[in-house]
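**Student:** Sharing a structure here in structure tokens format.
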Amino acid sequence: MTAAAQLGETCALLESLVERIDVGIFAVDRSGTVALWNTFMAVHSGKSSAVVRGQNLFTVFPELPRPWLEKKLESVFVLGNNAYTLWDLRPYLFRFPNNRPITGGLAEMRQNVTFLPIRIAGGEVGLVCGTVFDYTDTALAQHKLHDAIAALHQEKDAQAQLIVKLEAAQNQLLQSEKMASIGQLAAGIAHEINNPIGFVNSNLQTLKKYCQQMLQLISTYQEGEAQIGNVQLRGELSALTQSMDFDFLQQDLPELIKESENGLLRIKKIVEDLKDFSHVNKSDWQYADLNAGLDSTLNVVWNEVKYKATVNKNYGSLPAVECLAAQLNQVFMNLIINAVQALDESRGMGTITLSTGHQDEWVWVEVKDNGRGMSAETKKRLFEPFFTTKPVGKGTGLGMSVSYNIVQKHHGRIELDSLAGEGTRFRVWVPVKQTSIAD
């Protein structure tokens with residue numbers, strides 16, 4: 001076979017391949033005249049090769065992005081390098097109405113187009129060949145994949161939020177169990193102490209009455225002492241009275257009984273404060289006096305306070321507040337203990353100021369100290385679960401996190417004002433009445 005015959009056969013094979021391949025192939029010269037238009041382009045554009053070849057591409061397809069495409073073609077003619085357009089940047093070049101019989105219309109069409117320089121004799125670029133690849137199915141699959149990944153990320157974020165909520169709920173449950181234990185302990189203490197207090201107080205009242213009667217009897221005997229004829233007996237009675245210091249005994253005995261009565265009242269008050277602090281058998285939303293709750297809380301933690309701080313009270317007149325009193329008492333306890341622990345013992349006794357007030361439909365309770373204060377980083381992380389500035393083994397880091405959650409549950413807020421070296425002020429705001437009761 002001659003070289004001319006072989007070349008002709010090769011050209012025929014290439015032309016057949018171009019016509020049969022499932023890729024759009026076209027070619028234009030520098031003026032935009034179409035020199036090649038394969039079967040794929042004819043079928044999907046609805047315009048045959050006979051109609052398109054020899055015509056200006058932009059005349060046949062006026063919807064093409066002419067300025068952009070002319071610039072792209074010119075760069076290939078001038079530079080002689082390949083050029084591309086990708087579907088994720090430009091969805092499609094040709095609006096093929098017939099290539100989406102299943103997946104939909106033009107809105108779903110996605111094409112990748114490659115522009116190839118075709119050189120003629122002398123190496124000059126005479127034509128630019130464009131290959132149009134239909135990437136619609138791939139693009140749709142990628143969109144579905146992206147949607148699935150986005151859904152997974154969304155689900156992951158939702159799970160992370162749920163984990164945070166579960167941790168907060170678990171922390172609250174642990175603290176609630178603590179409070180329940182304190183409540184049971186208070187109830188047990190009240191039961192065990194109230195019984196002996198009852199009979200000791202009863203016996204003390206009887207003893208007080210007996211002492212009054214005996215002192216009255218002795219006083220009467222003293223008045224009749226001068227009438228005793230037996231001088232020796234009268235002398236013995238006088239000596240005995242002086243040795244017993246009966247005048248002092250007559251004055252001191254009622255005071256001793258009175259001090260004992262005050263001691264019993266103090267014990268009774270401590271038991272009542274324990275019960276009020278934990279609000280035994282009061283786990284529902286009820287109206288409570290926050291001034292009384294703050295006082296009972298202070299009494300419960302007084303042993304932690306009395307050796308380290310002087311407490312000043314500035315209580316305002318408060319309306320009864322609809323709340324879970326035991327939980328708010330827990331908040332007050334955390335704030336007071338934190339205030340004590342923030343004091344600088346090297347400076348001697350500190351000062352803690354407890355204040356309350358009422359504004360519109362809100363009440364506030366404030367705990368202020370003149371301790372070490374907080375850094376900006378500490379303030380930023382203060383309400384995070386398990387964050388603590390205390391040494392290992394000295395704190396769980398749950399107190400302020402739980403306090404924050406309790407106040408949030410009451411639809412309230414906590415204000416924090418603190419400067420390093422100048423002390424800290426916490427102010428808890430809660431509404432007088434709950435518009436919607438939280439679980």
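**Student:** Calculated FRET efficiency, Arg20 and Glu155, Cβ-Cβ r, R0 56 Å, to nearest 0.05?
**Tutor:** After rounding to 0.05, the efficiency reads 0.75.
**Student:** Going down the table (Lys306/Lys368; Lys268/Lys313; Lys208/Lys268; Lys209/Lys258; Lys308/Lys368), which pairs top 21 Å between alpha carbons?
**Tutor:** Cα-Cα > 21 Å for Lys268/Lys313; rest within.
**Student:** Over the Cα atoms of the stretch 282-439, what radius of gyration and what Dmax do you get, in Å?
**Tutor:** Taking only Cα atoms of the stretch 282-439, I get Rg and Dmax of 15.3, 47 Å.
**Student:** Hey, another quick one. Quick one: net charge around Gln142, please, counting Lys, Arg +1 and Asp, Glu -1 for every other residue with C-beta under 12 Å from its C-beta.
**Tutor:** Its environment carries a net charge of -1.
**Student:** A further question on this structure: Give the long-range amide H neighbours of Tyr135: residues separated by 5 or more places, or on another chain, with amide H under 5 Å away, using H modelled in the peptide plane at 1.01 Å from N.
**Tutor:** Residues meeting the amide H criterion: Arg110, Gln111, Asn112.
**Student:** Next question, about the same structure. Whose amide H sits under 5 Å from the amide H of Ala342, counting only residues 5 or more places off or on another chain, with H placed in the peptide plane?
**Tutor:** Correct list: empty.
None of the figures in this text is laboratory data; all of them are computed from the coordinates on show. This structure is a prediction, so every number in the text was calculated from the model and none was measured. Methodologically, a virtual Cβ is constructed for each residue, glycine included, from the backbone with ideal geometry; neighbour enumeration extends over all protein chains shown.
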